[in-house]
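Here's the structure we're looking at; comments come further down.
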Amino acid sequence: MQILTGKAVSPGIAIAEAVVLDAEELRIPRRMVTKDEIPDEITELDHAFATSIEEIATQRADVKLQLGHDVADVFNWHIGVLKDPMLRKDIVSLMEERNYSAAYAVSTVMRGLQRRFMQMKDPLLAERMRDVQDIERRLLRNVLGKSAEDISHLSQEAILVTHDLTTSQTARLSSTKIIGVALDVGGATSHTAILLRSWGKPAVLGLKNLSSHVSGGDTVIVDGLNHMVVADPDEATLEDYRSKRASFVKLIDALDELRDLPAVTTEGVRIELLGNIEYPAEAAASMEKGADGIGLYRTEFLFLGDEDPDEEEQFEAYCKTIAGANGNQVTVRTFDLGADKITQNKHFEPERNPMLGNRSIRYSLQHLEMFKVQLRAILRAARTGNVRVMFPLLTTLMELRQAKMTLFDAMEDLEETGVRFGRDLDIGMMMETPAAASQCREFVREVKFVSIGTNDLIQYLLATDRGNERVSRYYTASHPAVLRTIRDVIRTCAKAGVDCSLCGEMAGEPIYAMLLIGLGLRKLSMAPNNIPEIKKLIRACSLKKAERVAKRALTFETDAQVTNYLRAETKKLLPDDPI
Ligand code: PEP
Ligand code: MG
């Protein structure tokens, strides 16, 4: 039996056999195949070679068109390596002589090649090591493409254990029999974590090297209540977890009864609970969970497919979301591409520090045509419901002004071409950079509403990558600097009469609910699955108490004191719930 701790993204307990997936980060376990399987494996390998060469040739043609001959020549080297008959021969020899699977043989040969380049004295040649890594990744992706899809054909429930999941792999989970996820990497507010939270089943991230210890078929327990995974549990532990799982299921079923009741404090103060969604279909699902509307629609997830969405596809997606919200307000956030969302895999030269790079509103303002297409689609869809538009990750007033100008340009375009659209939509912004928070007074003069994005605000205030499990102990909403920044933004908005909500993951964490209400927030937007528990908490709490708790929380000097205090106060309100 082995117990590992990580970071749970959604509560609950899942028990099943493991499926171990060799995914993007490509730590390939030593895997052998039988003699009979080798011809099929070689066919897979040849297919992967052909697909990889085709992909590179397409990229080369695109780049040549955009940037000219010299840059495109880099790809010739990649194609040259893949076409070298010695490379295929070395891989096939390992498969035939040692029964290695295609993936394991590719990985072994390519790692050897990387080592050879690494040892070269000439720095230019040593640099080629990264190209070899690139080629390895591509080949492996194409070899593993089929096995990656295998999870969609599972015949029984299973726990997915893997090094990492891309956002598109995570997005596919809901159509599989996976009932729990355990990942080696990832922080609690990474975008994979956010998608896992929407998926709603138990998941624990940041488990370091779990995937190299677990083999397919091992029994695994994902304990999303205690941030743990137990591999190969003994009989007593299994029994204990079965009964814990049963109690948790009862608790969740009881929450369903709150669905149609409003989120009001004991004095009757109404708190709006809104859903954060990534896909149009989640709008209706949020309403099912008792949401009062959609506080954050992350539109950039439209880019997860192979083709970028055109105006019509976007228009349809926005209309579907609005219809799903059933007359309630929908806050559409413009594309927040970049960082860990989408652009890095499309870049030929990924950024060295993407979280501080060309992401979000910066990316949109550098791709004005794409941005305008989105704004046109939002404006057209706005006719069909109650819509607001929100710009992400602003750091300067100029960005806000440029974004608004682009929106007005899009309106003019539509007007000139006689296309009808919703003109009166409110324009707002995410408050998620320290720069914007510190210039809040100036920003609120130019927007109708603000939504505090604590996922990013925390990472930039505390200089801690939200997706990196190695620094996850530094990443906390309880840091006094975070609390004070949130308090100041809420106060500034209140003074200016600007609507203020909070849509970071913090909004769905029970221990912060009293604090946020006590600081003055009346709108919280969260993963729809968190709504019932937060509603239960609000209905058990008085505003007076929440204000006292907020005041006291702001007096502490360390995040540990804040967390301990908030947890203890929350536990007093809901003693039987896993807090
Ligand atoms: C945030 O940063 O808090 C937020 C809600 O946006 P995202 O998680 O999509 O960056
Ligand atoms: Mg953000």
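Straight-line reach from K208: taking Cα to Cα under 21 Å and skipping same-chain neighbours fewer than 8 places apart, the lysines in range are K7.
Ordered from highest to lowest accessible area with the whole protein assembly present and a 1.4 Å probe, K535, K35 read as K35, K535.
From the largest down, region 271-540 spans 51, 43, 36 angstrom on the principal axes of its Cα atoms. Of the whole protein surface, D232 contributes about 90 Å² of accessible area at a 1.4 Å probe radius. Only Cα sites of region 461-543 enter the Debye sum here, all with the same form factor; the resulting log10 I(q)/I(0) across q = 0.17 1/Å is -0.76, listed in q order.
Heavy-atom surface analysis with a 1.4 Å probe gives region 271-540 a carbon and sulfur content of 48 percent of its accessible area. Inter-label distance, D310 to N76: 3.5 nm, where each label sits 7 Å from its Cα along the C-beta direction. Taking the charge dipole of region 35-147 about its Cα centre, with +1 at Lys and Arg Cβ atoms and -1 at Asp and Glu Cβ atoms, the residue from W77, G112, L144 reaching farthest to the positive side is G112. Sparse packing (at most 11 other Cβ atoms within 10 Å of the Cβ) combined with a DSSP loop state is found for the following trypsin sites (Lys or Arg not before Pro) in region 355-454: R420, R423, R445.
How much of the DSSP beta bridge set in the chain is antiparallel, as a percent to the nearest 5? DSSP beta bridges in the chain are roughly 30 percent antiparallel. Solvent exposure of the chain amounts to 45 Å² per residue of accessible area, where only protein heavy atoms count and the probe is 1.4 Å. Rounded to the nearest 10 degrees, the inclination of helix 368-382 to the longest alpha-carbon principal axis of the chain is 50 degrees. The alpha-carbon of K64 sits under 16 angstrom from the alpha-carbons of these aspartates and glutamates, leaving out residues fewer than 8 places away in its chain: E54, E55, D73, E349. Excluding same-chain neighbours fewer than eight residues apart, the lysines reachable from K244 by a Cα-Cα span under 16 Å are K201. Per-atom-type breakdown for region 35-147 gives carbon and sulfur 53% of the accessible area (1.4 Å probe, protein chains only). Over region 162-240, the pair-distance histogram of Cα-Cα distances with 10 Å bins from zero comes to 18, 53, 26, 3 percent, rounded to whole numbers. Over all projection directions, the Cα-based convex hull of region 35-147 averages an area of 7.4 nm². Calculated mean residue ellipticity, 222 nm, the chain: -15500 deg cm²/dmol, from DSSP H runs (n ≥ 4) at -39500 (n - 2.57) each, averaged per residue and rounded to 500.
Relative to the dominant Cα principal axis of the chain, helix 102-118 is inclined by about 90°. Its Cα centre serving as origin, region 438-579 has a Cβ charge dipole (Lys and Arg +1, Asp and Glu -1) of approximately 620 debye. To the nearest ten degrees, helix 69-83 and the longest principal axis of the Cα atoms of the chain are 60 degrees apart. Its residue count N sets the reference 2.2 N^0.38 Å, and the alpha-carbon radius of gyration of the chain equals 1.02 times that reference. Loop-located GluC sites (Glu not before Pro) in region 293-398 (DSSP state not H, G, I, E or B) with no more than 11 neighbouring Cβ atoms inside 10 Å: E307.
With a Cα cut-off of under 24 Å and a minimum spacing of 8 residues unless on different chains, the lysine pairs in region 271-540 number 19.
The values are calculated or read from the model by the stated rules, or taken from the named source; none is laboratory data. Small disclaimer: the values here were computed from a predicted structure and weren't measured. In this analysis, Cβ positions are derived from the backbone assuming ideal geometry, glycine residues included, and neighbour counts consider all displayed protein chains. These accessible areas exclude ligands, DNA and RNA; they are computed on the full protein's heavy atoms, side chains included. Shrake-Rupley method; radii C 1.70, N 1.55, O 1.52, S 1.80 Å.
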